[in-house]
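> Take this structure, written in structure tokens, and hold onto it; I'll ask about it next.
The values are calculated or read from the model by the stated rules, or taken from the named source; none is laboratory data. Since we're looking at a predicted model, the values are computed, not measured. As a convention, Cβ positions derive from the backbone with ideal geometry for all residues, glycine included, and neighbour counts pool all protein chains shown.
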Amino acid sequence: MSKSSGKNIKLIFVANIVVFCLVFFAFSREYLGNRALDREIRAYELRREALEQDRLASFELIEQLSSEYFLETEARTEYGLAAPGEDVIVFAETEPEATPIEPLRERSNPEKWFFYFFGE
């Protein structure tokens, strides 16, 4: 082997290492970008599932609110309506009678201790 062929082999070896490093860094960058994209897709899928659950819950609520039973109950309680042939009895609320409260007498300290330990 001559000196020029030894230099050529070293030059080719260095060029191969440089090309390998460039390919490695490009691959690494794409790999990390794909991982970030996968995380973002997973987050969007979870958000979509949550929105789908909310949508189903909303449909169930709409179905319950538009049911005949709910409408009839709402008409009775909120608007005081009655079904045909039905008698309605209304109980008027009266205020309870006020009972007089006895004024509390101040107890002495020994009395307080007695009631503290033995109750009233």
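> Before we move on, is E40 of a type outside the set (A, V, I, L, M), part of a helix (DSSP H, G or I) and either loosely packed, with under 10 Cβ neighbours inside 10 Å or modelled with pLDDT of 85 or more (or both)?
yes
> I'm told E93 meets every condition in (1) assigned to a helix (DSSP H, G or I); (2) within 49 Å of the chain's Cα centre (by Cα) except one. Can you identify the failing condition by its number?
Status for E93: all satisfied but (1).
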